[in-house]
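All remarks here apply to the structure that follows.
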Amino acid sequence: MRIVYHLGAHCTDEERLLKCLLKNRGALSAQGIVVPGPARYRSLIRDTAITLKGTAASRDTQALVLDQIMDEDVAERLVLSWDGFLSFPQWVLKGSLYPSGGERLRAITQIFPEIDAEFHLAIRNPATFLPCLLKKLRGKSYAEFIEGSQPMDLRWSDLIENILARNPGVPLHVWCDEDTPLIWPEVLQSVSGHAPLTRLDDCDDLLASIMTEDGFRRMTGYLDSHAPQTVEQRRRIVSAFLDKFARPEQIDLELQMPGWTEDLVAAMTLQYEQDAAWIAQMPGVTFLAP
């Protein structure tokens, strides 16, 4: 068995991936893929990791925890999804992004030291990620939020290196949140590991949330009548409809952060693009891109 940890990050997935996989539990279960409800494991994993303090769990403890997470006796893949695996929102930004992320994941995988693990993570432009994260921290001022951190010093590659260093040999799959609408089927398949020809229900909910109703209806109608023959062909069709029918509020994000200028946002965006390119070629990383 392999345990797959979908890590978020915060302000990227907003539970859409988990909801889609839960809707398709029957089809996935037939392939040996188990997707438990989050209430069965989130607090359990957190509390068990705290109790173990980084030490490897005994076989009895492993069996006890697995019995609480899944009803099945055997499985090929067990999919667990939570942006809290890396950190709670209030501890995401402490001089860098998720500074304790690698250590936390190491502690979590030690709950099942004899079971192979796999990590999946979406990253997002810090220029939009930080404003969204601040909104989650109601009551915290910008000064309190940013204390000890410089926006131009925040690189996702630092987190990636931290995860890889503390979890050697654990595969890490990464993609840019901005690309998710174009690669959503590939993201779902990467996380769940389902067979390529598997048809998942409601897998276009993400596109429905960022397009006008008329545009989404037209796109699905076009895809039904002109079934794409390749992944690349589907991406071109989706991209064309998004260009024309994306909801304005999904494109024109308001970046109201004290002291931020257009030049700073542009510089952060360029650095993010360069950082993503660097991550894509890092050993141990499988990078999903359009």
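Unpaired cysteine residues in the chain (no second Cys Cβ under 4.7 Å): Cys20, Cys176, Cys203.
Residue order for Phe287, Phe88, Phe119, fewest other beta carbons within 10 angstrom first, comes to Phe88, Phe287, Phe119.
Hydrophobic long helices, here whole DSSP H runs in the chain with Kyte-Doolittle means of at least -1.0 and Cα atoms spread over 20 Å or more along the helix axis, are found at 231-245, 262-280. Just name one of Gln68, Gly101, Ala57: the one whose Cα is farthest towards the positive end of the charge dipole of region 57-119 (beta-carbon charges, Lys/Arg +1, Asp/Glu -1). Working it through, the farthest residue towards the positive pole turns out to be Gly101. The label-point distance for Arg236 and Thr212, in a model that sets each label 7 Å from Cα toward Cβ, rounds to 2.5 nm.
Here region 176-290 has an Rg and Dmax of 16.7, 50 Å, counting Cα atoms alone. Summed over qualifying helices (DSSP H, 4 residues or more, each -39500 (n - 2.57)) and divided by its residue number, the chain shows a 222 nm mean residue ellipticity of -14500 deg cm²/dmol.
Determine, from the Cβ-Cβ distance of Arg199 and Glu76 and an R0 of 25 Å, the FRET efficiency 1/(1 + (r/R0)^6), rounded to the nearest 0.05. The computed FRET efficiency comes out at 0.85. Annotation: Cα Rg of region 1-133 relative to the compact-globule expectation 2.2 N^0.38 Å equals 1.07.
With a cut-off of 14 Å between beta carbons, the residues surrounding Arg166 carry a summed charge of -1, where Lys and Arg count +1 and Asp and Glu -1.
Shown here: percent of Cα pairs over 29 Å apart, derived from the displayed model; of the candidates [x] 30; [y] 38; [z] 47, it corresponds to [y]. Beyond 31 Å in Cα-Cα separation lie the following of the pairs Lys23/Lys140; Lys135/Lys244; Lys140/Lys244; Lys94/Lys244; Lys23/Lys53: Lys23/Lys140; Lys140/Lys244; Lys94/Lys244; Lys23/Lys53.
Summing charges over all other residues whose Cβ lies under 13 Å from the Cβ of Gly193, with Lys and Arg as +1 and Asp and Glu as -1, gives -2.
Read-outs: derived from the displayed coordinates by stated rules, not from any lab. These numbers come from a predicted model, not from an experiment. Glycine gets a Cβ as well: all are built from the backbone with ideal geometry, and neighbour counts include every protein chain shown.
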